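A.B. asks: Starting off with a structure, shown below.
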Amino acid sequence: GRDMTQFLGFTPLLKHPTDPLGYYIGLKGISVNGQALKFLKRMLPFDGGVKLSTVTPYTTLRSHIYRAFLGLFSRLTKGIPRVPKVAPFDLCLNSTFLVSTRVGFGVPQIDLELTNGGNWTIFGFNSLAQVSSDVACLAFVDGGERAEQAMVIGLHQMQHNLLQFDLVRSRLGF
């Protein structure tokens, strides 16, 4: 077999002071189609660390970050007809108006700008959840103002991506 890890980008895994068993990566920003989301780094504690969780179904953002993210994504998809929201999501689109690509629906890409200079890009397959034959929803949820973590990257955003948790070198390959 071929070693696919040679094609991965890497970012350090961070140690959380109160969650020693969790996996965290450093994040300095989020952009949608190249437009930076405006939030202060102090909103992401301990070196911008965000948690990776396979038990959290969808990426969860603290309310003030979520509102800014939802607003930006909504503005960038304003030409796509909306449909009534489906819990737990706040923005749902008529998916019959979306173009399918090899990386999912043709919607604005989301870049997680990592503190080491790399980007983890989330394309339509991982940014939207198909909830019915003609409805796809933005697969990010509001964690509340007092969410323990400012951001938790959920399973939907990780699925179908090659991720390598290199615990010996304390890094994540993506």
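A.B. asks: Counting just the residues of the range 145-161 that are assigned to a loop (DSSP other than H, G, I, E, B) and touching a helix residue (DSSP H, G or I) at 6+ places or on another chain (Cβ under 6 Å), which one comes out surrounded by the fewest Cβ atoms within 10 Å (Cβ to Cβ)?
C.D. replies: Ranking the qualifying residues of the range 145-161, first place goes to E145.
A.B. asks: What are the pairs, 6+ residues apart or on separate chains, where a residue within the range 1-17 that is closer than 13 Å to G118 by Cα has its Cβ under 6 Å from a residue that is of a type in the set (D, E, K, R)?
C.D. replies: Filtered contacts from the range 1-17: F10/R171; P12/R171.
A.B. asks: Return the only residue of D134, D142 being of a type in the set (D, E, K, R) and surrounded by 17 or more Cβ atoms within 10 Å (Cβ to Cβ).
C.D. replies: When all the criteria are applied, what remains is D142.
A.B. asks: Based on what the data block shows, is T121 without any contact (Cβ under 8 Å) to a residue 40 or more places away in the chain and of a type in the set (S, T, Y)?
C.D. replies: For T121, the condition - without any contact (Cβ under 8 Å) to a residue 40 or more places away in the chain and of a type in the set (S, T, Y) - is met.
A.B. asks: Read through the list (1) surrounded by 13 or more Cβ atoms within 10 Å (Cβ to Cβ); (2) touching a Ser or Thr at 6+ places or on another chain (Cβ under 9 Å), then give the number of the only condition that L76 fails.
C.D. replies: Condition (2) is where L76 drops out.
A.B. asks: Here is a follow-up. Name the one entry in G29, G9, G104, G1 that is surrounded by 16 or more Cβ atoms within 10 Å (Cβ to Cβ) and modelled with pLDDT under 95.
C.D. replies: Numbers: G9 fails: surrounded by 16 or more Cβ atoms within 10 Å (Cβ to Cβ); G104 fails: modelled with pLDDT under 95; G1 fails: surrounded by 16 or more Cβ atoms within 10 Å (Cβ to Cβ).
After applying the criteria, what remains is G29.
A.B. asks: Inspect all residues belonging to the range 81-90 and state whether any of them is modelled with pLDDT of 95 or more, within 22 Å of A147 (Cα to Cα) and out of contact with any strand residue (DSSP E or B) (no Cβ under 9 Å at 6 or more places or on another chain).
C.D. replies: yes
A.B. asks: Going by the structure shown, is E113 in a loop (DSSP other than H, G, I, E, B) and either under 20 Å from G49 (Cβ atoms) or among the β-branched types (V, I, T) (or both)?
C.D. replies: Against the criterion (in a loop (DSSP other than H, G, I, E, B) and either under 20 Å from G49 (Cβ atoms) or among the β-branched types (V, I, T) (or both)), E113 does not qualify.
A.B. asks: Still on this model: So the check is Cβ under 7 Å with 6+ separation or different chains; which pairs have a first residue in the range 59-77 that's of a type in the set (V, I, T) and a second one that's in a helix (DSSP H, G or I) and surrounded by 21 or more Cβ atoms within 10 Å (Cβ to Cβ)?
C.D. replies: The qualifying pairs are T59/Q157.
A.B. asks: Here's something else I'd like to know. So for the range 116-131 (the condition being modelled with pLDDT of 95 or more, more than 15 Å from the chain's Cα centre (by Cα) and part of a strand (DSSP E or B)), does at least one residue qualify?
C.D. replies: There is at least one residue in the range 116-131 that is modelled with pLDDT of 95 or more, more than 15 Å from the chain's Cα centre (by Cα) and part of a strand (DSSP E or B).
The values are calculated or read from the model by the stated rules, or taken from the named source; none is laboratory data. The model shown is predicted, which means the values in this text are computed figures rather than measured ones. With ideal geometry, Cβ positions are generated from the backbone for all residues, glycine too; neighbour counts draw on all protein chains shown.
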